[in-house]
Every structure is written in structure tokens, then in C-alpha cells.
Amino acid sequence: MATPKPLSVPLFVPGHRPELFAKAGASGADAVILDLEDAVADADKPAAHAALMSRPDLPVPLVVRCNGFDSRWFAKDMVALAKTPPQMIMLPKAESVDHLDVIAKQFGADMPIIPIVESALGLAAIEAMMMHPSVLQCAFGHLDFSLDIGADPQWDSLHYARGRIVVASRLGQKASPLDGVAVRFDDAKIVAGEARRARDMGFGGKLLIHPKQIAPAKAVFRPSDADYEWAQRVMTAVANSASAVQLDGAMVDVPVIKRAEAIIRDYEALAS
């Protein structure tokens, strides 16, 4: 199986709304997250299982967010997913390596898992979960997390949790994590602002709940033309000099060069 690409701007779609699946796949998101959990009422979960089995082929990876490990629907989700496995499984309210092992045992170690940290227990287990071989990257469910610890869901209240998730992801050599959803979808500036703060902390993407959020989030997490032009100038300056290099009044040292190389790599990969 090919190594899956980390997600950056995945879009949630309610699992019981099959008429939205193809639209989501063509929306510009880099993955579709078919949601069996919060977006689907108990009465609609059987319909979501049926829609999963008859889903269309999509041009982007399909991720399925199952119900939490302690939910009465978890076992039923596993049965439905076994019949038509997606490209990735997203586990909400992940709180233990044991939870990940259950999925890995059923679907094999090659099934990428994206655990969502949504509780104090989940954060306490984050370092161990990021060492699990089936984990591709993790996500932060900041709304549920803030409810669990009795905190305000605004940015400053959850700075510690976000920082710990980023560091744990790096220590586990996993992809940069996904930040939680922006509740507002009708204001591109708010979405971009939240995405920018997450990016600056080390997050590699953001969970999205509406197609209007894709463009502003993508503009933040994908290298821009200006970023690419700067990176090329850095590499040209380095190649043409045998001594210390300055560019635009700043010293070009090893971290700057590595950043430029990463921008060029990511930009050209997206263009190909």
C-alpha cells in the first residue's frame, strides 16, 4: 500500500447525506470525512451505514469518522467499515493506545488512523498514541476538549493543549496535526485567522465543516506563490555563494535553507 499523504484541508460531510458526497469530493478539499458521529443522530446512523456501502468513487481520499470507542455504535461502525473499508479511519475521543489497537487489529496495520484528542484523558495519552505505527496524524477536537476540562474554547485557554499535541506529533515522527473546526463558515477572515494561528504553532491543517472554509484555510496551509518565489531566491543565493549569505538584509543560515527547501518541495508536489 502506498504511503498515505497527510491531510491539510479535509471536509466533513454528514454520513447520512449521500447527495453531498460527490460535491464534497469536488470541492477542493484534500479529503472527505464521512461523519458517522456528531453530525448523525442515532435515528439516522443505519442510513449512514447504508450510504457508506453505496458511496461513489471520489477524486480525493475518503476518511470515515466512526463513533467513539465507548459508544454503543462503535462495534456497528466497525462491521459496516469492514464491508467497504475507506482510505483512513478517524477515531473521535481517542484516549488510549488500546483503542487504536482494536482498529489496527481489525483492518490491519496499513489502515491509517487519525485519533482526535477531545478530553483530558486523550491529552494525557497523546505521546503514547503518537508512537502507534498505524497513526498517520492526529487532530484536536478543541470544542469537546474545552467542555471536558471546563475551559473557554477560545485560543488562549487551550494553548498548552495545542502545544503538547504538536510536540507529541513531532516526537512520534507523525505528520503535523490538524487543528479543530472553525465554527464560523460565513467569514473567510475568521477562518483564515484561526488557520494562521494554528499554522504558526506547528499545525499542518484544519478540520473543515463547510465548503466556504476551504479556500481561506488552503491559502494559509499551502505555500503561496510569494513563498515559493522567496524560497527559490534563497536557494539561488546559497548556490551562488561559497561563504555566508545574506538576503533582504537577513542572514541565511541552515534553518532558513531547510525552510526554503520544504516550501519548494511542498509547492511543487501540489502543482504536479
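The values are calculated or read from the model by the stated rules, or taken from the named source; none is laboratory data. Note that this is a predicted model, so its numbers are computed, not measured. With ideal geometry, Cβ positions are generated from the backbone for all residues, glycine too; neighbour counts draw on all protein chains shown. We work out accessible area using only protein heavy atoms, side chains counted, and drop any ligands, DNA or RNA first. Shrake-Rupley method; radii C 1.70, N 1.55, O 1.52, S 1.80 Å.
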Kirkwood Rh for the chain from C-alpha pairs, in Å, is 19.6
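Counting only protein heavy atoms, what percent of the accessible surface of the chain is carbon or sulfur at a 1.4 Å probe?
With neighbouring chains kept in place, the figure for the chain is 56 percent.
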Mean accessible area per residue over region 13-67 (1.4 angstrom probe, all protein chains present, square angstrom) is 40
With Cα springs under 10 Å, the Gaussian network model of the chain assigns the largest mean-square fluctuation among Ala124, Ala262, Ala22 to Ala262
Asserting the computed 222 nm helical MRE of the chain (DSSP H runs at least 4 long, -39500 (n - 2.57) per run, divided by residue count, to nearest 500) equals -13000 deg cm²/dmol
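What is the sum of charges, Lys and Arg at +1 and Asp and Glu at -1, for the other residues whose Cβ falls under 9 Å from the Cβ of Tyr267? The partial results should precede the final answer.
Numbers: positive: Arg222, Arg265; negative: Asp225, Asp227, Asp266, Glu268.
Neighbour charge sum, excluding Tyr267 itself: -2.
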Taking the alpha-carbon centre of each part, the distance from region 109-148 to region 18-67 in Å is 21
With the 1.4 Å probe rolled over protein heavy atoms, region 129-260 has an accessible area per residue in Å² of 53
For the chain, the dipole about the Cα centre with charges only on Cβ (Lys and Arg +1, Asp and Glu -1), to the nearest 20 debye, works out at 380
Checking Arg233, Arg162, Arg197 against a Gaussian network model of the chain (alpha-carbon springs below 10 Å), the top fluctuating residue turns out to be Arg233
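In percent, how large is the relative contact order of region 174-213, given Cα pairs closer than 8 Å and 6 or more residues apart? Don't jump to the answer; show the numbers that get you there.
Details: 52 pairs, mean separation 21.8, N = 40.
RCO, region 174-213: 54 percent.
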In nanometres, the difference between 0.36 nm per residue of separation and the alpha-carbon distance of Leu147 and Asp227 is 25.0 nm
Expressed in angstrom and ordered largest first, the alpha-carbon extents of region 171-272 along the principal axes are 50, 31, 29
